[in-house]
Structure formats: structure tokens, C-alpha cells
Amino acid sequence: MTGTEKMPGEERRQLILETLQKAENPMTGKELGELTNVSRQVIVGDITLLKAKKVPILATSQGYIYMHASVGPEKIEKVLVCHHTPEQTEEELNILVDHGLTVKDVKVEHPVYGDLSASIMVANRLEVKEFIKRVNEANAVYLSNLAEGGIHLHTVIADEQHQIDNAEIELKKAGILVE
């Protein structure tokens, strides 16, 4: 789009979908807004409408991702139970990514709302650093702070079981893994 011309909603959502399908990295609402000449808030609404139509878009801490059907070797997923202070969040995530894991999400049991989850999708130290930076800049609260006792779950993804095993050993040493 050129200038300040505003796209009609359906056309804009189609462009967002096509762009996300082709993207190799997550795209932020700001980037999609600049592409379509609308605000980030409009993009958030468009993404919500696309999700309501069962389009597999995942909102991550790095931006939006279109979830293509997985191809290639099978990945291993495991849920880890963790507990730590907010100050240990970066240490926890770095331990996981240093062992070749992708941290898919965080889940907590809230005393009022029940199960809450949020996508994290970090796979290396740079992504962890960016995640922590965004949390701090937004003055946001970690989801684990909303759970009774701070107990939270992480779904991790690995290529091989030994990566998860080694990460668990390291988390135990750090006093983060709940057994």
C-alpha cells in the first residue's frame, strides 16, 4: 500500500494471512499495521477475527506466527513444573534454550480464572533477552506471579529426549524444577 490509503477489512485480513503464511519469522502488530496502513489495535482485531474463523495464527511474545502443519522429524513435547522468583525467569528460560529446547508456553492455575496460558516461543538466548525486555518495558507481570505459590508449567519442545533430561538436571540444580 502507498500513502495513507486504508484497505477494506476483508482485503486487509487476506493480506495479513498471506503475509504471515510466507513469513519466516514472527511479525509484530506494528509491522502488519505499517504494511496495511492501520494501527496495531486494528491488527489485533483482525487477528482475533481470523482466529475466530479457525485460522491457525499464534500470538507469541515476538509477534504473530502462522502455524503451518508440521513437517519433518517428530518433535518431543514435555510439560515441566517450575517454581522460582520473577528475578530467576531469565535464568530459567536460558537453561531451557541452552539445552536446545523451545519454550512453547507458560500455564498457571489462577484461583479465580482457572487455567491461564500464554505463548512464549523462545528458542535461544537472544529471544529470551527480547522476551524479558518486552515484559519489563510493558511493566507486565509474569503469569507465574498470578498463580498460588508461583507454580507454573512450561511446555517445551525438543528434537531428542536427552535435551529435556539434561535441562531437567540443570533446573533441579538451580532449585527451579518442582518434582
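See the values below:
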item: Tally of residues being aliphatic (A, V, I, L, M) and either touching a Pro at 6+ places or on another chain (Cβ under 9 Å) or within 23 Å of Tyr142 (Cα to Cα) (or both) across segment 31-62; result: 4
item: Looking only at segment 111-157, and only at residues there that are part of a helix (DSSP H, G or I), of a type in the set (S, T, N, Q) and modelled with pLDDT under 90, the one that is farthest from the chain's Cα centre (by Cα); result: Asn145
item: Residue within segment 93-100 that is surrounded by fewer than 16 Cβ atoms within 10 Å (Cβ to Cβ), in contact with a Lys or Arg (Cβ under 8 Å, 6 or more places away or on another chain) and among the charged types (D, E, K, R) present; result: yes
item: Which numbered condition Asp46 fails, given (1) open to solvent by less than 50 Å² (accessible area, probe 1.4 Å); (2) within 18 Å of Met121 (Cβ to Cβ); result: (2)
item: Hey, Glu87 outside any strand (DSSP E or B) and at pLDDT 90 or above or not; result: yes
item: Qualifying positions in segment 20-79 - of a type in the set (A, V, I, L, M, F, W, C), within 26 Å of Val156 (Cβ to Cβ) and in a loop (DSSP other than H, G, I, E, B); result: Ala23, Val55, Met67, Ala69, Val71
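The values are calculated or read from the model by the stated rules, or taken from the named source; none is laboratory data. Remember, predicted model here, so these are calculated numbers, not experimental data. Quick reminder, even Gly has a Cβ in these numbers, built from the backbone with ideal geometry, and neighbours come from all protein chains shown. These accessible areas exclude ligands, DNA and RNA; they are computed on the full protein's heavy atoms, side chains included. Shrake-Rupley method; radii C 1.70, N 1.55, O 1.52, S 1.80 Å.
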